[in-house]
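The values are calculated or read from the model by the stated rules, or taken from the named source; none is laboratory data. None of the values given here were measured: they were computed from a predicted structure. Cβ: placed from backbone, ideal geometry, glycine included. Neighbour counts: every protein chain shown. With ligands, DNA and RNA removed, areas are computed over all heavy atoms of the protein, side chains included. Shrake-Rupley method; radii C 1.70, N 1.55, O 1.52, S 1.80 Å.
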Amino acid sequence: MHPSEKEFADLLDYYHINYLYEPRSFPLRWDGSRVVEMFTPDFYLPEYDQYFELTTMKQNLVTQKNRKLRHVREMYPEVNVQLLYRRDLMRLMGKYGFGPLSEVSVEGTERVLFDEATVQRRVRELGAQLTEDYAGEEPVLIGILRGVVVFMADLMRAMNLPVQVEFMEITHYGEEREKSIDVIRDVMTELKGRHVIIVEDIVDTGLTLRYLLEYLQAKGPASVRVCTMLDKSVRRMADVPIGYVGFEVPDEFVIGYGLDYGGRYRNLPYIGVLQPVEPKAVPQR
Ligand code: IMP
């Protein structure tokens, strides 16, 4: 019925989880013998004896749904019903496979998360959003090398604004990543009073970004915001503010569209999950 119900159903199908769609209605109010109000949860998972109601709607409708749900719980205490908000669904999809769960047979890619058309469409949306938000300004886009090059090239062309483009390069070393990030190439432009947009390929733990935010804030810009193509928020360790996100990704190693594994795969036009490599057999002497 609703696109998010379809997404949820696809996810259940993908993981071979049985479900029934709207199998049962729970009467809540009667007028004599006539039922005047009832509640019909969207999904039932028989193996878990669990109902799910998806809600992606406006706050006033959510409040109404919550009220109904309270009634169900009071009147049918043996029934397990859970409400899934849009953000819950996003987290689920982020963790267990967002986008078309299609298989491809490209060496190195286990499955495609976002195909080329999907990526391009999303970048255009981000560009349009930035254009609107920075209207009348001339922001400085700062890309963090090297993974960002593909995204940066597309994003800057999707922005209908005068922009300046800069790149920084950093390096990680030592055991404690947090304490051992170093800038090996700094920006050339004076940032004092400028509107800065940090452009990232992916934010994972957020430790790199936390360091960069502090580093760039010290240069006295008028504002600093972050635009990342991918957000692996399930692994976040540092609480960093992210203004613009292309896609949420699951807790897996992703490649393509600038992202590499051992220097390879940056030139793939789509974003996929890296195929786990079989460990090589050690020759016996
Ligand atoms: P963070 O400090 O953990 O947020 O690290 C972010 C950096 O780690 C990114 O800029 C990438 O270079 C790298 N990275 C994290 N996850 C992935 C991945 O799934 N694929 C490729 N690179 C990744």
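Answer with yes or no whether Gly193 is on the phi > 0 side of the Ramachandran plot, open to solvent by 30 Å² or more (accessible area, probe 1.4 Å) and out of contact with any Ser or Thr (no Cβ under 7 Å at 6 or more places or on another chain). Yes: the conditions hold for Gly193.
Consider Val254 carefully, then state whether it is more than 9 Å from the ligand (Cβ to nearest atom) and open to solvent by less than 10 Å² (accessible area, probe 1.4 Å). No. Residues that are within 20 Å of the chain's Cα centre (by Cα), of a type outside the set (A, V, I, L, M) and open to solvent by less than 60 Å² (accessible area, probe 1.4 Å) within segment 123-169 comprise Gly127, Gly143, Gly147, Phe151, Asp154, listed in sequence order. Of all residues in segment 197-235, those satisfying the criterion of being farther than 26 Å from Arg124 by Cα and of a type in the set (D, E, K, R) are Arg210, Glu214, Lys219, Arg235.
Would you point out the residue of segment 170-190, among those that are modelled with pLDDT of 85 or more and open to solvent by 50 Å² or more (accessible area, probe 1.4 Å), that is farthest from the ligand (Cβ to nearest atom)? Here the residue is Glu190.
Can you pull out every residue in segment 237-248 that is at pLDDT 95 or above and near the ligand (Cβ under 8 Å from one of its atoms)? Once the filter is applied, which keeps residues that are at pLDDT 95 or above and near the ligand (Cβ under 8 Å from one of its atoms), segment 237-248 yields nothing. When restricted to residues that are more than 12 Å from the ligand (Cβ to nearest atom) and in contact (Cβ under 8 Å) with a residue 60 or more places away in the chain, segment 222-231 contains 1.
Restricting segment 206-219 to residues that are open to solvent by 30 Å² or more (accessible area, probe 1.4 Å) and not in a helix (DSSP H, G or I) leaves a set whose member that is farthest from the ligand (Cβ to nearest atom) is Lys219.
In this structure, does Val234 turn out to be more than 11 Å from the ligand (Cβ to nearest atom) and in a strand (DSSP E or B)? No.
All of (1) among the polar types (S, T, N, Q); (2) surrounded by 15 or more Cβ atoms within 10 Å (Cβ to Cβ); (3) within 18 Å of Asp115 (Cβ to Cβ) hold for Ser233 with one exception: (3). Filtering segment 41-60 to residues that are under 15 Å from Met1 (Cβ atoms) and loosely packed, with under 15 Cβ neighbours inside 10 Å leaves only Met57. Within segment 257-276, being within 22 Å of Gly127 (Cβ to Cβ), within 12 Å of the ligand (Cβ to nearest atom) and surrounded by fewer than 19 Cβ atoms within 10 Å (Cβ to Cβ) holds for one residue alone: Arg266. Of all residue pairs spaced 6 or more apart or on separate chains, those with beta-carbon atoms under 6 Å, a first member in segment 241-256 that is free of Cβ contacts under 8 Å to residues at least 60 places away in the same chain and a second member that is in a strand (DSSP E or B) and more than 12 Å from the ligand (Cβ to nearest atom) are Gly243/Arg225.
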